[in-house]
Protein chains: 2
Amino acid sequence: MKNLNIQITIESEFYTKNPESSDLGRRIVSHSIEMIDELGFEAFTFKKLGQRINSNESSIYRYFESKHKLLIYLMCWYWSWVEYKMVFATNNIPEAKDKLQTAIRILTQKVMEDNAFSYINEVVLHRIIIAESSKAYHTKDVDEQNKKGFFKPYKRVVQRVSDFVIDINPDFKFPHMLISTIIEGSHQQRYFSEHLPALTDYEKGKENIIQFYNDLTFKTIAS
Amino acid sequence: MKNLNIQITIESEFYTKNPESSDLGRRIVSHSIEMIDELGFEAFTFKKLGQRINSNESSIYRYFESKHKLLIYLMCWYWSWVEYKMVFATNNIPEAKDKLQTAIRILTQKVMEDNAFSYINEVVLHRIIIAESSKAYHTKDVDEQNKKGFFKPYKRVVQRVSDFVIDINPDFKFPHMLISTIIEGSHQQRYFSEHLPALTDYEKGKENIIQFYNDLTFKTIAS
DNA sequence: AGGATGTGATAGTATTACTATTAAATTTGC
DNA sequence: GCAAATTTAATAGTAATACTATCACATCCT
């Protein structure tokens, strides 16, 4: 991504103190991404994170009230970033079909390094979104968290792509179902290819996953 | 399901002592299903389960070495049961297309009560599979657990339906990808419809979810 | 210089996910 | 029908987790 002076802004409900506002905050975010990837979300703790960044558990709690909230923060950041990439890439494309095709590519492709947001490693973040983000909404507090707007950025992405679908076929009745299926599906296929290959045909290297979901989408919405 | 003298048998790697072998074992399984549904997997503990069934934490540990293993047991039971239903329903159907259509219906439909397996409430089990089963494989031990065969029943179901797909279109390259996408997708749509309705178009009551995934499948595999 | 703010260190709590031991109850084998 | 084997219950204990609370120190701002 080009060197633009932009920043992903995250609403203040997701943190106690804005991690973008200090060096410590940014270290918390960037090293938590690394550590969740290394240890998995269950084994990751604020104590271990504090040791890694030469800070203290209690200091981290000043930014995030729990590790679950931190995961939600990362999820929001990720989807805000994807939304930005998608809007940027589809802007000025005149044909609805091309817009949708571009959006699908962005949603299903492998994430490449992006140096526009220096302290966040998007490649690793993508990996933890794939492996851990379902834990953000598979909780007993989903409904409450949903009311507080925790899943808004994700929903906005789904809505935008659904709108492209409706532009192409106004009679198609299930755009949200289709788009959330391909988003979650493509993430799962990447996870399966690494850990449960019997559940997929996707092999790393061959980037056939984009083609699969692209075909599936256009065939499904054809009237 | 008819009153047949059948039993779902689960391989001995999933438990320390077979819960089918005693009254306590069956109570552990049936009440754990209820409690995981009520509390969510995180808040569910063997201590609470012991209290509910008037038994003791330590007694439960004689059957399952951890609550994670219990979840895997439930998942295996569920997929073995689905496999049985599917084989039963597709048996003797001559046309490959009808076979696939039947299989998709079984994989994506709402689960109804089934009194063939008395002590397991399949409706509730289906709900916890939808809400919690991704936690069974989103762990740092996936690869090890996969080696031990923990996901075999699920894989077998995917393989069987993939074979139906290949019968219809031998040139289709991504049958496993397609089938795991519709299985996980349909589960997610049911979860979304209850908790994150902006991500789906599915509404309870109208069973349009089966139709959606059926259309999607046949359009996708058409040559 | 003095007050507000940010950070670090320590301690403490309730709970969890277990393990170990022992005793009581039940089943079984003969 | 009784001893032996097995199963279950009860208790205690451990290391770790997910926090909360308190206090001291450093820094920044004016």
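A:Tyr15 meets the conditions (1) more than 12 Å from DNA strand D (Cβ to nearest atom); (2) out of contact with any Pro (no Cβ under 9 Å at 6 or more places or on another chain); (3) touching a residue at least 60 places away in the same chain (Cβ under 8 Å) in every case but one. The failed one is (3). Output the residues belonging to the range B:89-116 that are among the hydrophobic types (A, V, I, L, M, F, W, C) and either touching a residue at least 40 places away in the same chain (Cβ under 8 Å) or within 14 Å of chain A (Cβ to nearest Cβ) (or both). Passing the criteria: B:Ala96, B:Leu100, B:Ala103, B:Ile104, B:Leu107, B:Ala116. Would you tally the residues in the range B:27-54 being within 12 Å of DNA strand C (Cβ to nearest atom), part of a loop (DSSP other than H, G, I, E, B) and in contact (Cβ under 8 Å) with a residue 12 or more places away in the chain? Total satisfying the criteria: 4.
Filtered by the rule that a residue be over 23 Å from B:Phe151 (Cβ atoms) and either surrounded by 15 or more Cβ atoms within 10 Å (Cβ to Cβ) or within 16 Å of DNA strand D (Cβ to nearest atom) (or both), the range B:90-104 gives B:Ile93, B:Ala96, B:Lys99, B:Gln101, B:Thr102.
Of all positions in the range A:203-215, none carries a residue that is at pLDDT 95 or above, of a type in the set (S, T, N, Q) and either surrounded by 21 or more Cβ atoms within 10 Å (Cβ to Cβ) or in contact with a His (Cβ under 9 Å, 6 or more places away or on another chain) (or both). Taking the range B:55-72 as the range and being within 14 Å of another protein chain (Cβ to nearest Cβ) and within 9 Å of DNA strand C (Cβ to nearest atom) as the test, the residues that pass are B:Ser66, B:Lys67, B:His68. For the range B:177-214, the set of residues classified as within 7 Å of chain A (Cβ to nearest Cβ) and more than 17 Å from the chain's Cα centre (by Cα) consists of B:Met177, B:Phe192, B:His195, B:Leu196, B:Ala198, B:Leu199, B:Thr200, B:Asp201, B:Tyr202, B:Phe212, listed by residue number. Residue count for the range B:158-176 under the criterion of being more than 10 Å from chain A (Cβ to nearest Cβ) and not acidic (Asp, Glu): the result is 8. Filtering B:Glu34, B:Glu38, B:Glu42 for residues that are among the acidic types (Asp, Glu), within 14 Å of chain A (Cβ to nearest Cβ), within 24 Å of the chain's Cα centre (by Cα) and away from DNA strand D (no atom under 11 Å from the Cβ) leaves a single hit, B:Glu38. Looking for something more than 10 Å from chain B (Cβ to nearest Cβ), surrounded by fewer than 18 Cβ atoms within 10 Å (Cβ to Cβ), farther than 30 Å from B:Lys148 by Cα and charged (D, E, K, R) - is there at least one such residue anywhere in the range A:117-134? No - not one qualifying residue is present in the range A:117-134.
Here B:Glu132, B:Glu122, B:Glu194 are screened, and the one residue that is free of Cβ contacts under 8 Å to residues at least 12 places away in the same chain and over 24 Å from A:Ile209 (Cβ atoms) is B:Glu194. Within the range B:159-174, being assigned to a helix (DSSP H, G or I) and hydrophobic (A, V, I, L, M, F, W, C) holds for B:Val161, B:Phe164, B:Val165, B:Ile166, B:Ile168.
Residue by residue, here is whether (1) modelled with pLDDT of 95 or more; (2) under 16 Å from A:Asn121 (Cβ atoms) holds:
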{"residue": "A:Met1", "(1), (2)": "no, yes"}
{"residue": "A:Leu4", "(1), (2)": "no, no"}
{"residue": "A:Glu11", "(1), (2)": "no, no"}
{"residue": "A:Ser30", "(1), (2)": "yes, yes"}
{"residue": "A:Met35", "(1), (2)": "yes, yes"}
{"residue": "A:His68", "(1), (2)": "yes, no"}
{"residue": "A:Ile72", "(1), (2)": "yes, no"}
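Only residues that are near DNA strand C (Cβ under 9 Å from one of its atoms) and among the basic types (Lys, Arg) were counted across the range B:15-26, and they come to 0.
Selection of the range B:53-77 for residues being hydroxyl-bearing (Ser, Thr, Tyr) and either touching a strand residue (DSSP E or B) at 6+ places or on another chain (Cβ under 7 Å) or more than 8 Å from DNA strand D (Cβ to nearest atom) (or both) yields B:Tyr61, B:Ser66, B:Tyr73.
The values are calculated or read from the model by the stated rules, or taken from the named source; none is laboratory data. Predicted model only: the values in this text are computed from it and were never measured. Ideal geometry is used to build each Cβ from the backbone, glycine not excepted, and the neighbour counts take in all protein chains shown.
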